[in-house]
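Asker: Next up is a structure, given as structure tokens.
The values are calculated or read from the model by the stated rules, or taken from the named source; none is laboratory data. Small disclaimer: the values here were computed from a predicted structure and weren't measured. As a convention, Cβ positions derive from the backbone with ideal geometry for all residues, glycine included, and neighbour counts pool all protein chains shown. Note: areas computed on protein heavy atoms with side chains; ligands, DNA, RNA excluded. Shrake-Rupley method; radii C 1.70, N 1.55, O 1.52, S 1.80 Å.
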Amino acid sequence: MLRSISQADGSGRGRRRAARAAASSSTTGGQLIGLLPDPQFVQATTRLAPGDALLLYTDGLIEARTADGSMLGEEGLVRHLSTHSARGADSLLATVHKLFTDLGTGVSDDTALLALSVPPRRTQLPAQENW
């Protein structure tokens, strides 16, 4: 089962989350990939604006145990990502890697991650001087 978290930087237009917010996208009803002969897949659509990022992950991430023995859960992941200023896919993956390192032996299941991001809008470049 694949799950997702999207992170917005608040710079786009239209329906937006709060600046630098992380939010979970539901994929309820999905099945394990490669286990069943006729799996049923869930389809979800989201639109990323310039500066937004999307993290796709398997359940090993949110089933990791925290220092007090409780599962990280989606809420814990959203809370963690909301407190870090990851910009772009590389930074988002680095933030999750740091979380893995901090959890240490609490991570006991295999985990797959995929991060995608849309570059922020380029600001207008200063006028060039004529020589």
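Asker: Across the stretch 31-84, what is the number of residues that are in contact with a Lys or Arg (Cβ under 8 Å, 6 or more places away or on another chain) and polar (S, T, N, Q)?
Answerer: 2
Asker: Can you find, within the stretch 26-80, the residue that is most open to solvent (accessible area, probe 1.4 Å) among those that are over 14 Å from the mean Cα position of the chain (by Cα) and on the phi > 0 side of the Ramachandran plot?
Answerer: Gly34
Asker: Here is a further query. Collect the residues in the stretch 71-118 that are farther than 13 Å from Ala53 by Cβ, out of contact with any strand residue (DSSP E or B) (no Cβ under 7 Å at 6 or more places or on another chain) and among the hydroxyl-bearing types (Ser, Thr, Tyr), keeping them in residue-number order.
Answerer: Thr83, Thr101, Thr105, Ser108
Asker: Moving to a separate point now. For the subset of the stretch 82-102 comprising residues that are at pLDDT below 90 and in contact with a helix residue (DSSP H, G or I) (Cβ under 7 Å, 6 or more places away or on another chain), which member is least open to solvent (accessible area, probe 1.4 Å)?
Answerer: Ala86
Asker: Taking the stretch 56-106 only, how many residues are of a type in the set (D, E, K, R), in contact (Cβ under 8 Å) with a residue 40 or more places away in the chain and assigned to a loop (DSSP other than H, G, I, E, B)?
Answerer: Qualifying residue count for the region: 2.
Asker: Turning to a different aspect of this structure: Assess whether Pro120 counts as being at pLDDT below 90 and either surrounded by 11 or more Cβ atoms within 10 Å (Cβ to Cβ) or among the polar types (S, T, N, Q) (or both).
Answerer: Values: at pLDDT below 90: yes; either surrounded by 11 or more Cβ atoms within 10 Å (Cβ to Cβ) or among the polar types (S, T, N, Q) (or both): yes.
So Pro120 fits the description; yes.
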